[in-house]
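Structure, as structure tokens:
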Amino acid sequence: MPFRGVNLAAAEFGSALPGIDGADYGFPTNAEVDYFIGKGMNTFRIGFKWERIQPSAYAEFVPAYAAKLESIVAYATTHGATVILNPHNFARYYGIPVGSATVGNGVFADLWKRLALQFGANSHVMFNLVNEPNTMATEQWVGAANAAISAIRTAKAPNTIIVPGNAWTGAHSWNDSYYGTPNAVAMLDIADPNDNVLFEVHQYLDQTSGGVAPNCMSTTIGSERLAPFVQWLRAHGKKGFVGELAGGDNATCDAAVKDMLDYMMGASDVLVGWTYWAAGPRWNPDYIFSVEPKNGVDRPQLTRLQPYLF
């Protein structure tokens, strides 16, 4: 399994727009990259806010914000890591879903055309179209995703594209229909002329799979919730990526995360990697899932990941 790492969050933090770097949000630092590479991680999923890099549809990128993103990407990739670029916008622009009458597919495609032109020459960058599409028809999301994929390839960027599922990207609900057409059906219409797409899921281990509580439902809940997605990948000859997973600091979650990691490693024929949630410079020190070091000390959650790192 070639890609194992962590989400470096914070450039997407805060509701203020454009916001102030260092106050409302903050980019990951070079020191954080060094720290996690030193722990054996080789992949960083870096979130950013679409409205900060491109405040108006079809507009040029904001130079200062784009430069900060470029800087951390360049540092990580020149130090041997892979960076996954992730507009952490839930398939929305100023709160309006992509593929809608107001935010048409062309608006979303333009964002990705510009990102492809800026980062496409870096073979260590992957393009993660958005974070957690939700509360929209799956067909609408697939249409927007295909428009973005087409724009990326038209810009001659060969990078791997990571396409998240609808309905908050949950593995456990991949076959469900409560949100309309299941991901298991609609995502088969994702089309890439380069055939270089990964399908992304997220999976938390609390009661709702929402990642809002430190408890885990059982010691095997992770493998149980991932199984339908893994079966779908194998049935359709697809490859997948687990973009977010986490568990609280307790014995049940220790066992549940181990079970989930063991299951993923055993499914490396179809799963190419994972990024743990989360680290980054602006988390509350008491955030239940943080693996950001606290007062210079490794977090317990990081310790349990280390047997699975490089």
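Okay, here's what the table says:
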quantity	calculated
Answer residue from the stretch 197-212, given it is of a type outside the set (Val, Ile, Thr) and surrounded by fewer than 15 Cβ atoms within 10 Å (Cβ to Cβ) and is farthest from Pro158 (Cα to Cα) among those	Gln207
Selection count, the stretch 183-199, where residues are under 15 Å from Ser173 (Cβ atoms) and either out of contact with any Asp or Glu (no Cβ under 9 Å at 6 or more places or on another chain) or hydrophobic (A, V, I, L, M, F, W, C) (or both)	5
Breaking point among (1) within 23 Å of Pro133 (Cα to Cα); (2) crowded, with 21+ Cβ neighbours inside 10 Å, for Ala101	(2)
Tally of residues being of a type in the set (Asp, Glu) and farther than 19 Å from Ser71 by Cα across the stretch 25-46	0
Hits in the stretch 254-268 (condition: surrounded by fewer than 17 Cβ atoms within 10 Å (Cβ to Cβ), assigned to a helix (DSSP H, G or I) and under 21 Å from the mean Cα position of the chain (by Cα))	Asp262, Met265
Hits in the stretch 240-255 - residues which are out of contact with any Pro (no Cβ under 9 Å at 6 or more places or on another chain) and more than 30 Å from Ile161 (Cβ to Cβ)	Ala251, Thr252, Ala255
Matching residues, the stretch 233-250, being out of contact with any strand residue (DSSP E or B) (no Cβ under 9 Å at 6 or more places or on another chain) and more than 16 Å from Leu305 (Cβ to Cβ)	Arg234, Ala235, His236, Gly237
Qualifying residue in the stretch 133-144 (condition: under 24 Å from Ala246 (Cβ atoms) and under 15 Å from the mean Cα position of the chain (by Cα))	yes
Matching residues in the stretch 27-51 - criterion: being surrounded by fewer than 19 Cβ atoms within 10 Å (Cβ to Cβ) and either touching a residue at least 60 places away in the same chain (Cβ under 8 Å) or under 16 Å from the mean Cα position of the chain (by Cα) (or both)	Thr29, Tyr35, Lys39, Gly40
Some residue of the stretch 130-152 being aromatic (Phe, Trp, Tyr), surrounded by 19 or more Cβ atoms within 10 Å (Cβ to Cβ) and within 20 Å of Glu51 (Cα to Cα)	yes
Filter pass, Val185 being in a strand (DSSP E or B) and either modelled with pLDDT of 95 or more or surrounded by fewer than 23 Cβ atoms within 10 Å (Cβ to Cβ) (or both)	no
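The values are calculated or read from the model by the stated rules, or taken from the named source; none is laboratory data. None of the values given here were measured: they were computed from a predicted structure. Positions of Cβ are generated from backbone atoms using ideal geometry, with glycine treated the same way; all protein chains shown enter the neighbour counts.
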